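See below for the structure under consideration.
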2 protein chains.
Amino acid sequence: MNQYNILLDGAKMPDAWYNVAADLPTPVPPPLHPGTHQPLGPDDLAALFPMNLIEQEMSQERHISIPGEIMDAYRLWRPTPLRRAYRLEKALDTPAKIYYKNESVSPSGSHKLNTAVAQAYYNQVSGVEALSTETGAGQWGTALSIACSMFGMKCSVYMVKVSFEQKPYRRTLMQTYGADVTPSPSDTTNAGRAFLEKYPDSTGSLGMAISEAVEVAATSGGKIKYSLGSVLNHVLLHQTIIGEEAKMQMESVGAYPDVVIGCCGGGSNFAGIAFPYMQDKLTQGKDIDVVAVEPTACPTLTRGVYAYDFGDTGELTPLLIQYTLGHNFVPPAIHAGGLRYHGVASLVAHLVKSGDVRAEAYHQNPVFEAGLTFAQAEGIVPAPESCHAIKAAIDAALACRESGEGKTILFNLSGHGHFDMSSYAAYFSGGLTDYDLEQKIIEQAVAEVPKV
Amino acid sequence: MNQYNILLDGAKMPDAWYNVAADLPTPVPPPLHPGTHQPLGPDDLAALFPMNLIEQEMSQERHISIPGEIMDAYRLWRPTPLRRAYRLEKALDTPAKIYYKNESVSPSGSHKLNTAVAQAYYNQVSGVEALSTETGAGQWGTALSIACSMFGMKCSVYMVKVSFEQKPYRRTLMQTYGADVTPSPSDTTNAGRAFLEKYPDSTGSLGMAISEAVEVAATSGGKIKYSLGSVLNHVLLHQTIIGEEAKMQMESVGAYPDVVIGCCGGGSNFAGIAFPYMQDKLTQGKDIDVVAVEPTACPTLTRGVYAYDFGDTGELTPLLIQYTLGHNFVPPAIHAGGLRYHGVASLVAHLVKSGDVRAEAYHQNPVFEAGLTFAQAEGIVPAPESCHAIKAAIDAALACRESGEGKTILFNLSGHGHFDMSSYAAYFSGGLTDYDLEQKIIEQAVAEVPKV
């Protein structure tokens, strides 16, 4: 009997992550060294990551066992509920069956904690004493702060200065878990000082915060490593606990999805819910409509190019194959901060390129409207990012109402919106803009993708 | 198979609330009419509450079945997890076993939703179209907003003006669920207008907000009823789902508590966890230390008098037997807003008076310190109110470390602190005051208790 999360009849959990790389018909083109353009070896990453995570990053194993210590940490909030959205179905008057996986119940309020505890664990057993990272809106920084607190490690978070000042509650939340939170650019790194000298009034950017966090790790002599919350293979791998668990839960009630939906920024929560079902689609030919949802204001998958590009504006990271709007692209200030990324994970890009995953883009006003419909029916206020998945699920359910089909729809509720109420207030007051990007702007941004 | 909250092996839930009134050795002195001082009859309450809730308020039945519609609503988040706090035990190096019931996973973020959905249901089936209520910090207003949205009713919340302005996110959260939120005092009621005329710059009080919400119901011709989030018998009754569920869950792992702890303001979350165990203590003579924890700054149970008193400053409510600091007592501005109440539920007072429940009081700095210890061990940031229960649980566990006893400790985590981060920030900056009330101040406040 699992005594961490007593659910009367016990609570089974998957004990392995799923690695979609093992089932791809064609391999993903490898990451390239930013200087030489040659494929990266493990040693090229050793300054930033411990070797056990580098091995996962490059692994072709289909399943990777979850260590007991991580299972114990997962049991603080996992298994997360899989819910049938009966009230939402009724509100939409649809014959569709809507299910959602509720990742908002994690202590950090989002799916991000699934990889944060794994990364903290693998670093701790490698003798690493502290992790450095960057955060924009704060979901990732919160998750890594909790994970480090669980494994007795220090955590340094470089938070984009404008968010540090506008979201004091997120900052306080991270401090509650014992993290050091520094507004970026800061005077604590060479990169930060150089930036402050050039632009003394800078409000920061995610690219600059990445540079600071990377510098802290790279110059620490191995005591501090760097941690990233999305995009990389091992990050997506850890998130597959979501979909593996959903499959067990759906099976326990005799259900199987016709449609699987996740919102998509860097790609981690989308991969989490979708990849375990991709296995069935790729290896058994299951007919599933797998949908990645992005904002129209940052249309990486729907209007970007498939190419090698940098992960950051500072051109410090390896070159990864991806859909990209160009690494200097700055999306409009939409409220789904977690979806404002110029690129996407290689694994997700590869599956969109092959046609196995379909991408859709939505404007933010209808996205918030969908979020409200969901909140009033199901009680949970969703994060703006998650509202994108909800919008796609509602549209699929309404299409069923038109066609009379009783499809089974599954989406991932990646997080709650408790720290996004200012965005809802802006929506209520009519203050949200739906941005249509001119083709010229996209072409200019994409022109800066490096020629490889 | 319950498909609302699929937990792999199903999820049993209690199907009845427990009414401690059935097992008291002596009956609780009845509520009195504020004018005549005669015991109240059902008709005296009919302007404010529907008859089905009035019957529950006066019931002596031991168990009251939970209607299917309320069970369906509960299944949106219930059963809530019962967790063994292994990490906290390890951090405290204690032989004690610590369990907590996690009510923070409800969509409203606290236990308040347990009675909100019940009250909304009973009103809806009575033909009531809307509910009015007051809220201070916002936990109760949030819960009733969700409940009304679930049952297709309108909800009017009078929010103390200073909180309305200081806690815009709480206000937005209620609006997300479709509630009307009005800062009190307002120009929408006679009571509010009179107050504004007398004190144009008033920042409001809970007493005034109650008067406005009551007036809206009383003058609606039966279309609108009033709803209260604590103190009354039927409110405490609905909260016993917490303790009934905990008993089933503890039993499933062969555990039984030596100590049961809840924080105590009006008394609803304390009653929720404690009353089902009080049944064992009262009818089977079980040796359980049942502890109600309050703030030193509002020491109702530890320094108040046992007497009949009003529930509000406006002297509009019936007279209830209780421990009270006097209905005009205004506690210092501590951060646990939900525990700043001059009185307490009659049922709780009766059990403290009889010695079956023990009361403890704590200062807010050690209470926040306990909350931090819990957050860093278990991952969840607790509400300031809940931190009081955590402090008592930690003290009990540390006493076990001294004595070597392996006691089993159970406490109720009544809510999360996602909307209380400004309080944590104040604690971090050293800005919290530990208030010791002079005996003279208590005596002056208590002198205003009416002579009955």
Rounded accessible area of A:GLU215 (nearest 10 Å², 1.4 Å probe):
40 Å²
Under a 1.4 Å probe, what is the accessible area of the protein assembly as shown per residue, stated in Å²?
34 Å²
Cα pair count fraction exceeding 16 Å, expressed as % - the range B:307-410
67 percent
Along Cα→Cβ, 7 Å out, is where each label goes; now give me the distance between the ones at A:ASN328 and B:ASP23 in nm to one decimal.
7.3 nm
Ignoring everything except DSSP H segments at least 4 long, calculate the 222 nm mean residue ellipticity for the protein assembly as shown; use -39,500 (n - 2.57) per segment, divide by total residues, nearest 500.
-12000 deg cm²/dmol
In whole Å, how far is the Cα centre of the range A:119-134 from that of the range A:267-301?
29 Å
For the range A:42-88, alpha-carbon Rg over 2.2 N^0.38 Å
1.77
In Å, what is the Rg of the alpha-carbon atoms in the range B:121-280, and how long is Dmax?
18.0, 61
Rounded to whole angstrom, the alpha-carbon centroid of the range A:371-425 lies from that of the range B:332-352 at a distance of 39 Å
Let me see the pair-distance distribution of the range A:52-146: every alpha carbon pair, 10 Å bin width, integer percents in order.
13, 34, 31, 14, 6, 1
Which is the longest part of chain A that has none of the trypsin sites (Lys or Arg not before Pro) sitting in a DSSP loop with at most 12 other Cβ atoms within 10 Å?
A:224-450
Semi-axes in Å, largest first, for the range B:182-271 (Cα gyration tensor, √(5λ)) are 40, 16, 8
Roughly how crowded by other chains is peptide B:372-381, in terms of the mean Cβ count from those chains within 10 Å of each of its Cβ atoms?
6
How large is the dipole of the range A:156-229 about the Cα centre if only Lys and Arg carry +1 and Asp and Glu carry -1, each at its Cβ, rounded to the nearest 20 debye?
220 debye
Could you pull the accessible area for A:ASP23 with a 1.4 Å probe, rounded to 10 Å²?
20 Å²
Given a 1.4 Å probe and every protein chain left where it sits, what share in percent of the accessible area of the range A:376-452 is carbon and sulfur?
47 percent
Residue by residue through the range B:30-35, which ³J(HN,Hα) values in whole Hz follow from phi under the Karplus form 6.51 cos²θ - 1.76 cosθ + 1.60 (θ = phi - 60°), with glycine and proline marked x?
x, x, 10, 5, x, x
Relative to the other copies, what are the label-point distances for A:THR283, with labels 7 Å from Cα along the C-beta vector, expressed in nm at one decimal and sorted shortest first?
5.4
Residue-ordered couplings for the range B:53-59, obtained by feeding phi - 60° into the Karplus form 6.51 cos²θ - 1.76 cosθ + 1.60 and rounding to whole Hz (Gly and Pro as x), are 6, 5, 4, 5, 4, 9, 5
Within the protein assembly as shown, which cysteines find no other Cys whose Cβ is under 4.7 angstrom from their own?
A:CYS263, A:CYS264, A:CYS298, A:CYS387, A:CYS400, B:CYS263, B:CYS264, B:CYS298, B:CYS387, B:CYS400
Compute the FRET efficiency between A:ASP93 and A:GLU443 as 1/(1 + (r/R0)^6), taking r as their Cβ-Cβ distance and R0 = 30 Å, and round to the nearest 0.05.
0.10
Under a crude label model (7 Å from the Cα following the beta-carbon direction), how far is B:ALA218 from A:VAL452 in nanometres?
7.4 nm
Shape call, the protein assembly as shown: gyration tensor on alpha carbons, a/c limit 1.5:
prolate
Taking B:GLU405 in one copy and the same position in all the others, each labelled 7 Å out along Cα→Cβ, what are the pairwise distances from the first, in nm, shortest first?
6.4
Using R₀ = 25 Å, calculate the FRET efficiency as 1/(1 + (r/R₀)^6) where r is the Cβ-Cβ separation of A:ASP15 and B:LYS12; round to 0.05.
0.50
The answer for the net charge of residues other than B:ALA179 whose Cβ lies under 13 angstrom from its Cβ, with Lys and Arg +1 and Asp and Glu -1, is +1
Two-decimal Rg to Rh for the range B:130-195 - Kirkwood Rh, Cα set:
0.97
Let me make sure I get this right: for chain A, a, b and c are the square roots of the gyration tensor eigenvalues over alpha carbons, sorted descending. Under 1.5 in a/c it's rounded, otherwise prolate if a/b > b/c, else oblate. Which is it?
rounded
What list of whole percents do you get for P(r) of the range A:1-118, with Cα-Cα distances grouped in 5 Å bins up to the one holding the largest distance?
2, 8, 13, 14, 15, 14, 13, 9, 6, 3, 2, 0
Among the listed pairs B:LYS247/B:LYS391; A:LYS90/B:LYS225; A:LYS12/B:LYS281, which have their C-alpha atoms separated by more than 30 angstrom in this model?
A:LYS12/B:LYS281
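Any number yet on Rg/Rh for the range A:261-360, C-alpha, Kirkwood?
Radius of gyration over Kirkwood radius for the range A:261-360 works out to 0.98.
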How would A:TYR341, B:TYR199, B:TYR74 line up by accessible area, probe 1.4 Å, largest first?
B:TYR199, A:TYR341, B:TYR74
Interchain or sequence-distant (5+) residues whose placed amide H lies within less than 5 Å of the amide H of B:ILE261 are B:VAL291, B:LEU410, B:PHE411, B:ASN412
List every residue whose amide H lies under 5 Å from the amide H of A:ALA359, counting only residues 5 or more places away in sequence or on a different chain, with H placed 1.01 Å from N in the peptide plane.
A:ALA292
On average over all directions, what projected area in square nanometres does the range A:219-292 have, based on the convex hull of its Cα atoms?
6.3 nm²
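Give the calculated FRET efficiency between A:LYS154 and A:MET51 to the nearest 0.05, with a Förster radius of 25 Å applied to their Cβ-Cβ distance.
E(calc), rounded to 0.05, equals 0.75.
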Please list 3J(HN,Hα) in residue order for the range A:118-135, calculated via the Karplus relation 6.51 cos²θ - 1.76 cosθ + 1.60 where θ = phi - 60°; whole Hz, with x for glycine and proline.
5, 5, 4, 4, 5, 5, 4, 6, 8, x, 6, 9, 7, 10, 10, 7, 10, 8
Using modelled amide H (1.01 Å from N, peptide plane; none on Pro or chain starts), what sits under 5 Å from the amide H of B:MET159, excluding residues fewer than 5 places away?
B:THR135, B:THR182, B:SER184
In whole percent, the fraction of accessible protein surface over the range A:53-108 that belongs to carbon or sulfur atoms, probe radius 1.4 Å, stands at 44 percent
Looking only at lysines whose Cα falls under 27 Å of B:LYS451's and that sit 8 or more positions away or on another chain, we get B:LYS353, B:LYS440
Quick one: with label points 7 Å out along Cα→Cβ, list the inter-copy distances for A:GLY431 in nm, shortest first?
2.2
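The values are calculated or read from the model by the stated rules, or taken from the named source; none is laboratory data. Just so it is clear, the structure is predicted and the values come from calculations on it, not from any experiment. Methodologically, a virtual Cβ is constructed for each residue, glycine included, from the backbone with ideal geometry; neighbour enumeration extends over all protein chains shown. Only protein heavy atoms, including side chains, enter the accessible area calculation; ligands, DNA and RNA are left aside. Shrake-Rupley method; radii C 1.70, N 1.55, O 1.52, S 1.80 Å.
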